[in-house]
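Below is one structure, written out as structure tokens; comments come after it.
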Amino acid sequence: MGKVAASIELSETERRELESLARAQKTGQAMARRARIVLAAAAGLENKAICTEVGADANTVSKWRRRFASDRLEGLLDEPRPGTPRTIGDDAIAETIRLTLETTPPGATHWSLRSMAKAVGYAPSTIHRIWRAFGLQPHRSETFKLSTDPLFAEKVRDIVGLYLSPPDRALVLCVDEKSQIQALDRTQPVLPMRPGQVERRTHDYTRHGTTSLFAALDIATGAVIGRCYPKHRSGAFRKFLDQVEANVPADLDVHLVMDNYATHKTKPVRDWLAKRPRWHVHFTPTGASWINQVERFFALLTEKQIRRGVHRSTRQLEYDIRAFIDAHNANPTPFRWTKSANDILAAIQRFCLRTQQIGGTADRRNCRSEELLNQDTNMFWPFSRNRPSLLSFSPIRAWNRTVSSWPTSAAVSRPVDCVTS
């Protein structure tokens, strides 16, 4: 009689962790397979069926099933391998990490492997292993932008609600302008791609003027209405609205998603909109242009046409832009939105809370005033401009109140499509 396989029962926390390990792209394949083995065992499958499903032999399946039943999630980790005892203790590693996070080398903004190795007396390869183990990359820096709009949550729910569940008999258009597009010509001919050699171009260029593109993206079909103007002014935007009106059905309401740039709020534009009650404007939050889907179209235009294009005049540039729009409209595809309003707001709240915890240990002597710490309306304010890695924000009681009032209706809770095409 064969051995009885260990019974596996998972808690909700363990199931979520295993599912995350099984599907995460950055998870090692060995760990992902172990997670799939345990999930299959918890589903009631026998070892033979699990072998077929995950592509492992019976001994491997039995081993990880038994290890999980005994040690739970920690049993899936590799055991320490024999070898030469390490000569750097935990305290020395902690000191290296502290230096990396809290100090900078003389005359530089960040540590390198060699500068840190020289400072602590270890080999660069040792520093590399320590940094890799703790996910430290001092040579890298990313940008971020938090909206300071006091109505940020309300605007996000409003716009994402349009993306999720557009009104009946209505058209949702994402409108914006890509201003100051330069007509650039390289100083020497472009060398075309050939086998074993990528396309090459000179780093310098000659400018031949600029143009501005106004565009309106239909979120339902992916079609784009676009027109170039020599200058980025209110009059040009007003004329573009006339073009949009001529291209939309007269019996449908029109919902415009756009930012609150000054060009969009001049008196001629306001008067034009006031005379058309079927037109409704939804302003994006300040500093949150990522929520406007037409920005994704502008990114495609830049990547596929403008960045590597050679234009000796603005007329040639505008011709190529129109050609790109025509090719796009010949087979339009709507973008897929992947985040609900609740997901977006919850992610920002998590970011603020994590940053507040980091900033709790920062030196607050550079605060403008202590009363800013207690303002609910100032949700995103850095304590020190001189120490961007040690940011802190005012209390997030306003966010907590906002989260508790978020609706759970289908209009904002079910997944949406966008951001990928």
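The values are calculated or read from the model by the stated rules, or taken from the named source; none is laboratory data. Note that the coordinates shown come from a computational prediction; the quantities given were computed from them, not determined experimentally. When we count neighbours, we look across all protein chains shown, and the Cβ atoms used for this are built from the backbone with ideal geometry, even at glycine. Ligands, DNA and RNA are stripped out before the accessible areas are found, and what is left, the full protein with its side chains, is counted by its heavy atoms. Shrake-Rupley method; radii C 1.70, N 1.55, O 1.52, S 1.80 Å.
What the table shows:
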read-out	value
Highest-first arrangement of 75-86, 172-183, 104-115, where packing means the average Cβ count within 10 Å	172-183, 104-115, 75-86
Cα-centre dipole for the range 35-75 with unit charges at Cβ (Lys and Arg positive, Asp and Glu negative), debye to 20	80
Pairwise label distance in nanometres, residue 299 with residue 329, each label 7 Å out on the Cα-Cβ vector	2.4
Potential extension, residue 52-residue 23 segment - 0.36 nm per residue separation minus Cα distance	8.6 nm
Over the range 205-308, relative contact order from alpha-carbon pairs under 8 Å, at least 6 apart, %	23
Per residue value of the accessible surface for the range 116-158 (all protein chains in place, 1.4 Å probe), Å²	69
FRET efficiency for residue 43 and residue 191, using Cβ-Cβ distance with R0 set to 56 Å, rounded to 0.05	0.45
Protein accessible area in the range 1-155, 1.4 Å probe - carbon and sulfur %	51
Contact order relative to length of the range 1-116, as percent, for alpha carbon pairs under 8 angstrom and 6 or more apart	20
Cut-off 9 Å between beta-carbons: net charge of the residues surrounding residue 39, Lys and Arg +1, Asp and Glu -1	+1
Alpha-carbon centroids, the range 73-131 and the range 177-204: separation in whole Å	42
Accessible surface of the range 266-309, 1.4 Å probe, proportion on carbon and sulfur as whole %	54
Per residue accessible area in Å² of the range 5-71, where ligands, DNA and RNA are left out and the probe is 1.4 Å	62
Average accessible surface area per residue within the range 163-226, 1.4 Å rolling probe, Å²	53
